1. For the stretch 105-123, how many residues are part of a helix (DSSP H, G or I) and within 16 Å of the ligand (Cβ to nearest atom)?
2. Output the number of residues of the stretch 1-43 satisfying the condition of being more than 16 Å from the ligand (Cβ to nearest atom) and either of a type in the set (S, T, N, Q) or out of contact with any helix residue (DSSP H, G or I) (no Cβ under 9 Å at 6 or more places or on another chain) (or both).
3. Return the total of residues in the stretch 27-37 being closer than 18 Å to Ala112 by Cβ and surrounded by 14 or more Cβ atoms within 10 Å (Cβ to Cβ).
4. Answer yes if at least one residue in the stretch 65-75 is more than 19 Å from Thr102 (Cα to Cα), outside any loop (DSSP other than H, G, I, E, B) and in contact with a strand residue (DSSP E or B) (Cβ under 8 Å, 6 or more places away or on another chain), and no otherwise.
5. Is there any pair with a first residue in the stretch 44-62 that is within 23 Å of Leu111 (Cβ to Cβ) and a second that is in a strand (DSSP E or B) and more than 16 Å from the ligand (Cβ to nearest atom) whose Cβ atoms are under 7 Å apart and which are 6 or more apart or on different chains, and what are they?
6. Hey, among Gly92, Gly59, which residue is of a type outside the set (A, V, I, L, M), within 16 Å of the ligand (Cβ to nearest atom) and on the phi > 0 side of the Ramachandran plot?
7. What is the one condition in (1) in contact (Cβ under 8 Å) with a residue 40 or more places away in the chain; (2) out of contact with any strand residue (DSSP E or B) (no Cβ under 8 Å at 6 or more places or on another chain) that Leu23 does not satisfy?
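The values are calculated or read from the model by the stated rules, or taken from the named source; none is laboratory data. Please read all numbers here as calculations on a predicted model, not as lab measurements. A quick note on method: Cβ atoms are made from the backbone with ideal geometry, for glycine too, and the neighbour counts reach across all protein chains shown. When the accessible area is computed, the model is the full protein with side chains, heavy atoms only, and any ligands, DNA or RNA have been set aside. Shrake-Rupley method; radii C 1.70, N 1.55, O 1.52, S 1.80 Å.
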Amino acid sequence: MRKNRILIIEDEEKIARFVELELGYEGYEVEKALDGRDGLALVKARPFDLILLDIMLPGLNGIEVLRRIRQFSTIPVILLTARDAVVDKVTGLDGGADDYITKPFAIEELLARIRVCLRAGNSRLESQTNAHVLTTGSLRLDPEKRACWMGSESLDLTKKEFDMLQCLLENKNIVMKRETLLDKIWGYDFAGETNAVDVYIRYLRAKIEEPYHQKIIHTVRGVGYVIRDE
Ligand code: CA
């Protein structure tokens, strides 16, 4: 499994070094930057999973670094704030930080917050990447990956079967005429041979319905086919 990569932007070298060592023991891959500009440059240059960002930094302060990061990334950010700097915390959270921790902190607390933020970051990423996945019941179809699953089982569809299923899923609850399906999938007028559609629907059903004893594609007599939201 790939290690989570964490960037710490902190000008106090002792703290930066300590955190780097502790996170290293925990199996994280850590890089550190000692000022805001270097930190920002690293965020732009390399993929990280989380950023620990000190607020009081020379040059570009943490709040400004955060503001600039948020212009191009939703990466989880935990702010490191000085004790009782209430204003910093509020400004930081308003500015898009995911959490903050007050210095001096116990390493266990930092680790716990990191775990929470990484989990939240992962599910955010997942929901973003899943946004284009088409579903009905436990059937999922990912047009970008050209992949299709029933539950966790991956289905092996031919190009035409896949295109047909995608077209029906994209037009859920709309009855697709045989002619329309022909036109969309074969890309030209196939007049007189609309039974090609019936043939492929049969192939599809043999793969997505019969093995699972379920009905997904409904026939509308004399018209065509539809996948309905159950
Ligand atoms: Ca500092």
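1. Summing the residues that are part of a helix (DSSP H, G or I) and within 16 Å of the ligand (Cβ to nearest atom) in the stretch 105-123 gives 1.
2. 11
3. 2
4. Yes: the stretch 65-75 contains one or more residues that are more than 19 Å from Thr102 (Cα to Cα), outside any loop (DSSP other than H, G, I, E, B) and in contact with a strand residue (DSSP E or B) (Cβ under 8 Å, 6 or more places away or on another chain).
5. Pro47/Arg5; Phe48/Arg5; Phe48/Ile6; Asp49/Arg5; Asp49/Ile6; Leu50/Ile6; Leu52/Ile6
6. Within the list Gly92, Gly59, the selection yields Gly59.
7. Evaluating Leu23 over (1) in contact (Cβ under 8 Å) with a residue 40 or more places away in the chain; (2) out of contact with any strand residue (DSSP E or B) (no Cβ under 8 Å at 6 or more places or on another chain) leaves (2) as the failure.
Residue-wise test of (1) touching a strand residue (DSSP E or B) at 6+ places or on another chain (Cβ under 9 Å); (2) in the same structural domain as Pro76 (by TED's automatic domain parsing); (3) at pLDDT 90 or above.
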residue: Ala147; (1), (2), (3): yes, no, yes
residue: Thr158; (1), (2), (3): no, no, yes
residue: Cys167; (1), (2), (3): yes, no, yes
residue: Val175; (1), (2), (3): yes, no, yes
residue: Gly192; (1), (2), (3): no, no, no
residue: Asn195; (1), (2), (3): no, no, no
residue: Tyr200; (1), (2), (3): no, no, yes
residue: Thr219; (1), (2), (3): yes, no, yes
residue: Gly222; (1), (2), (3): no, no, no
